[in-house]
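The values are calculated or read from the model by the stated rules, or taken from the named source; none is laboratory data. The model shown is predicted, which means the values in this text are computed figures rather than measured ones. Neighbour counts run over all protein chains shown; Cβ positions are idealised from the backbone, glycine included.
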């Protein structure tokens, strides 16, 4: 039994790079309590609510829990494994923001700089204000000059006045849906030009509104670095960090590890999603807001770098003070109502926990996180020296509880 356990530990350690898999108790976690997370995954798979999931918890730089349950592709009979590749969608955003802050450290820009200093097409934008009683009617809406230009800080904290188009019914949303700025057959320069032709939903700095702003960050990286965005990420983050399975498409040699995408069937179960899978072939549009695929192992390495204050395995990617700036709340003067209602503010690429009572969660103050449209989730807790990652593939995941429940199971297992 001891030999079998040693083989299992070594195999997981190799899979997860140099971060060892250790008994949970050695890092202050209860194996018995963590088993609740495994049981929940198994029950969700058995009930047909999910096809499969991967959960990972690391503490003190060591992996205490790394479990996969169910199927990566139910119809093909392919099991979910620790190295299964998944679409992380908006978990791409923190990586993009970290990449942009590398250029900040090099003096390429200041946070308060107007974005138009580097992308002149975004100068002199207007705000479109719906007429009372006529939401979504662009013909009746009123245009007014933006009170100020959007800054780099605005596009990093979602206060630029941009939107996505499918989260609301305003006139601006309707225009986004007609213009389609996230045009997958174009490139980031095309996208910036399309955004420049659209009005803003809010005056910059007026309100937090989740948007395509992070895709503009990707274009800004291209302008400032002189490199294509995907190459910048590969050279500055993915290759140095050893994130071999992270990128904007899945290579042919790895397609057997790529999870199937599912969708709710309306009966508390799932069905195969009918979305076109653009991740199975190379493209030209590199979405910093939602275009990456990755694995739990790869994403852990990025998270550990952030938790270490910008350093990993002897290489520095960001300065400690830069990480502190990114993970501080940047909404205090903008959206006090949001913080009061959710317990979370927002930094530069991450939601940041500010109020335990309002959040109603077990996380420490200062914990930061984000998730993806297919139900993936991660969090980083500096106070507990802890990282959690949960991977599932259901879109739209809407109010599905799986990632949040995994986080709860992880925190209730802290016993030191």
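Numbers below:
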{"item": "Residue match in segment 351-360 (condition: within 13 Å of the chain's Cα centre (by Cα), crowded, with 16+ Cβ neighbours inside 10 Å and over 20 Å from residue 28 (Cβ atoms))", "result": "yes"}
{"item": "Pairs where the first residue, in segment 296-317, is in the same structural domain as residue 69 (by TED's automatic domain parsing) and the second is at pLDDT below 95 and crowded, with 23+ Cβ neighbours inside 10 Å, C-beta under 8 Å, 6+ apart", "result": "297/16; 300/16"}
{"item": "Lone qualifier among 340, 333, 351 - being at pLDDT below 95 and out of contact with any helix residue (DSSP H, G or I) (no Cβ under 7 Å at 6 or more places or on another chain)", "result": "333"}
{"item": "Residue in segment 305-318 that is surrounded by the most Cβ atoms within 10 Å (Cβ to Cβ), counting only those that are in contact with a strand residue (DSSP E or B) (Cβ under 8 Å, 6 or more places away or on another chain) and closer than 12 Å to residue 382 by Cβ", "result": "306"}
{"item": "Any chance residue 245 is touching a strand residue (DSSP E or B) at 6+ places or on another chain (Cβ under 8 Å) and either assigned by TED's automatic domain parsing to the domain that holds residue 181 or assigned to a loop (DSSP other than H, G, I, E, B) (or both)", "result": "yes"}
{"item": "Any hit, segment 263-285, residues being surrounded by fewer than 16 Cβ atoms within 10 Å (Cβ to Cβ) and in a helix (DSSP H, G or I)", "result": "yes"}
{"item": "Tally of residues being out of contact with any helix residue (DSSP H, G or I) (no Cβ under 7 Å at 6 or more places or on another chain) and either at positive phi or assigned to a helix (DSSP H, G or I) (or both) across segment 386-409", "result": "5"}
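Listed here are the residues, each with its yes/no results for (1) touching a residue at least 40 places away in the same chain (Cβ under 8 Å); (2) outside any strand (DSSP E or B); (3) under 22 Å from residue 260 (Cα atoms).
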residue: 39; (1), (2), (3): no, yes, no
residue: 65; (1), (2), (3): yes, no, no
residue: 86; (1), (2), (3): yes, no, yes
residue: 131; (1), (2), (3): no, yes, no
